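Undergrad: Sharing a structure here in structure tokens format.
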Amino acid sequence: MPDPVDKLHVQESSAPPSYSAAELGALAHLYRGEVYRSTIWRTRLDATTNWAVASLGIALSVTFSSREASPVPLLLVGLLVIVFLTFEARRYRYFNVWRARARWMEKHMYAPMLRGEVLLNGDGWQNTLADDYMRPHHHITMVTALGRRLRRSYVWILGIQSCAYYGKVAIHPTPLQSTAQLFERAAVGPIPGEIVVLAGVFFNLGWIAFSVLSLQIDQRRHRGRKQSEAMG
């Protein structure tokens, strides 16, 4: 007959390991650090969006200041908004690293802890997190970051810029009477108005197509991430 004491030792040795109080305290401080870094980088994302909005506001003020004012500032601010979008996408890739780490600990450490489950349950979440610290890398591509920031904020900024440009050409200095007059007002120096209008159409349609394609890529990646249990 097996000894009850030996049976108890077998059960204790086969029980899944757990973190000590000191290790849990270190993980708590690590989580606080990741949340702090994600908050700082989230603030930097807001800064670039504010720059884009402020630039558009200045261009609108200059363009609509008088009937004779040129609509060219609205064209230039569209290019400047894309520059800000690029800056923000690069910052978003860094923000996503800190956000993903904090979310990973929330999902695999704090949620099981609140449910009274074993933290080291054999799914390897701690190894995934450790590998990310040993070999830090961006979790998303630049295309994904551009698409997300474009769909979230910049599509509205570019939409307002396009509508404002058409409105300026259509009403100043007098209401538009013909298509030929539209091309005449849209001309920029030696560049014919037809080319300017055509470039604007391709510019906007191109970014719309990019946002749709990047959304499809992001959705496929999200479905694959659910199956592979990866960070990011």
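Residue-by-condition table, conditions (1) of a type in the set (S, T, N, Q); (2) touching a residue at least 40 places away in the same chain (Cβ under 8 Å); (3) farther than 17 Å from I82 by Cβ; (4) part of a helix (DSSP H, G or I):
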site	(1), (2), (3), (4)
G147	no, yes, no, yes
L150	no, yes, no, yes
Y154	no, yes, no, yes
L158	no, yes, no, yes
V169	no, yes, yes, yes
L182	no, no, yes, yes
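Undergrad: Scan the stretch 179-192 and give yes if some residue there is closer than 18 Å to T63 by Cα, of a type in the set (K, R) and modelled with pLDDT under 95, otherwise no.
TA: So far as the stretch 179-192 goes, yes, one or more of its residues are closer than 18 Å to T63 by Cα, of a type in the set (K, R) and modelled with pLDDT under 95.
Undergrad: How many residues does the stretch 142-197 hold that are surrounded by 13 or more Cβ atoms within 10 Å (Cβ to Cβ) and among the hydroxyl-bearing types (S, T, Y)?
TA: 6
Undergrad: Would it be correct to say that L119 is in contact (Cβ under 8 Å) with a residue 24 or more places away in the chain, buried (at least 16 other Cβ atoms within 10 Å of the Cβ) and in a loop (DSSP other than H, G, I, E, B)?
TA: yes
Undergrad: Could you grab the pairs with beta carbons closer than 6 Å, sequence gap of 6+ or different chains, first residue in the stretch 210-232 and more than 13 Å from V143 (Cβ to Cβ) and at pLDDT below 90, second one among the hydrophobic types (A, V, I, L, M, F, W, C) and not in a loop (DSSP other than H, G, I, E, B)?
TA: Every condition considered, the pairs that remain are M231/A100; M231/W104; G232/A100.
Undergrad: Same structure again: Among the residues of the stretch 109-126, is there at least one that is among the β-branched types (V, I, T) and over 20 Å from N204 (Cβ atoms)?
TA: So the first thing to find is which residues in the stretch 109-126 are among the β-branched types (V, I, T), and the list is 118.
Narrowing further to those that are over 20 Å from N204 (Cβ atoms): 118.
Yes - at least one qualifying residue is present in the stretch 109-126.
Undergrad: Residues to consider are S66, S38, S13, S18; find the one that is modelled with pLDDT under 95, buried (at least 16 other Cβ atoms within 10 Å of the Cβ) and not aliphatic (A, V, I, L, M). Write out each step before concluding.
TA: Working: S66 fails: buried (at least 16 other Cβ atoms within 10 Å of the Cβ); S13 fails: buried (at least 16 other Cβ atoms within 10 Å of the Cβ); S18 fails: buried (at least 16 other Cβ atoms within 10 Å of the Cβ).
Within the list S66, S38, S13, S18, the selection yields S38.
The values are calculated or read from the model by the stated rules, or taken from the named source; none is laboratory data. Since the model is a prediction, treat every value here as computed from it, not as a measurement. All Cβ positions, even for glycine, are placed from backbone atoms using ideal geometry, and neighbour counts span all protein chains on display.
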